[in-house]
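Taking it in order: structure first as structure tokens, then the write-up.
The values are calculated or read from the model by the stated rules, or taken from the named source; none is laboratory data. Nothing here was measured: the structure is a model prediction, and the numbers come from that model. Methodologically, a virtual Cβ is constructed for each residue, glycine included, from the backbone with ideal geometry; neighbour enumeration extends over all protein chains shown. Side chains are part of the model used for accessible areas, which takes the heavy atoms of the whole protein and leaves out ligands, DNA and RNA. Shrake-Rupley method; radii C 1.70, N 1.55, O 1.52, S 1.80 Å.
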Amino acid sequence: KNFREQRRTMSQCEVTPEVLDAFKKFKLLKTKSNTAMVLKIDLDARKVIIEKTVEENASLDDIAWDMPPAEPRFIIFSRMLTHDDGRVTFPLALIYYIPTVDPRQAMLYSSTRTELGAKITVNASLEARDSDEITDEWLLEALKKR
């Protein structure tokens, strides 16, 4: 491989059809509560994998509490939102959790975030550097602005 191809390969990670299929099913869940899917990168395989799915009564605060202090994650969160006119919707947010990590790992997650964002449709894309930032109020505020 030439240098340019090698560099591109090192900074990219595959979003597999399995993850995309799981996202489609997740998006179509008929639950009347918050749901979540947590994704991470398998660094050896260079693939996005599903770490955890919560199909009912997901708590963003609990998910944030479970975040490792030095490993990035992607959190897809569907949150119940009651509008001023009484309508109830379940917008999807992609939360990119990127604590201080090795620069190569940060670059890998960043480039994968771009690819993931191009392959899934969400209502909001957010970033947090510390798990303490990831709260229900923070997400609600962001979703109301959209």
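Quick look at the values:
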| item | result |
| --- | --- |
| Gain in span if fully extended, LYS32 to THR114, counting 0.36 nm per residue against the direct Cα distance | 26.6 nm |
| Gained length - ARG129 relative to THR16, 0.36 nm times residue gap less alpha-carbon distance | 38.1 nm |
| Calculated from backbone phi, Karplus (6.51, -1.76, 1.60) coupling profile of the stretch 88-95 in Hz, x at Gly/Pro | 10, 10, 10, x, 9, 10, 9, 9 |
| R0 of 35 Å, Cβ-Cβ distance LYS52-ASP84: FRET efficiency to nearest 0.05 | 0.60 |
| Per residue accessible area of the stretch 89-139, 1.4 Å probe, in Å² | 49 Å² |
| Fraction of accessible area attributable to carbon and sulfur, the stretch 21-146 (%, probe 1.4 Å) | 49 percent |
| Charge dipole magnitude, Cβ of K and R +1, D and E -1 - the chain, Cα centre, debye nearest 20 | 820 debye |
| Tail beyond 18 Å, pair distance distribution of the chain (Cα, percent) | 56 percent |
| Protein-only accessible surface order, largest first, of MET80, MET107, MET37 at 1.4 Å | MET107, MET80, MET37 |
| Per-residue ³J(HN,Hα) for the stretch 37-42, Karplus 6.51 cos²θ - 1.76 cosθ + 1.60, θ = phi - 60°, Hz, x for Gly and Pro | 9, 10, 10, 9, 9, 7 |
| Counting DSSP beta bridges with both ends in the stretch 68-146, the antiparallel % (nearest 5) | 60 percent |
| Where ASP130, ASP136 fall by accessible area, highest first, once all protein chains stay in place (1.4 Å) | ASP130, ASP136 |
| Whether the stretch 94-146 is rounded, prolate or oblate, judged on the alpha carbon gyration tensor where a/c under 1.5 counts as rounded | oblate |
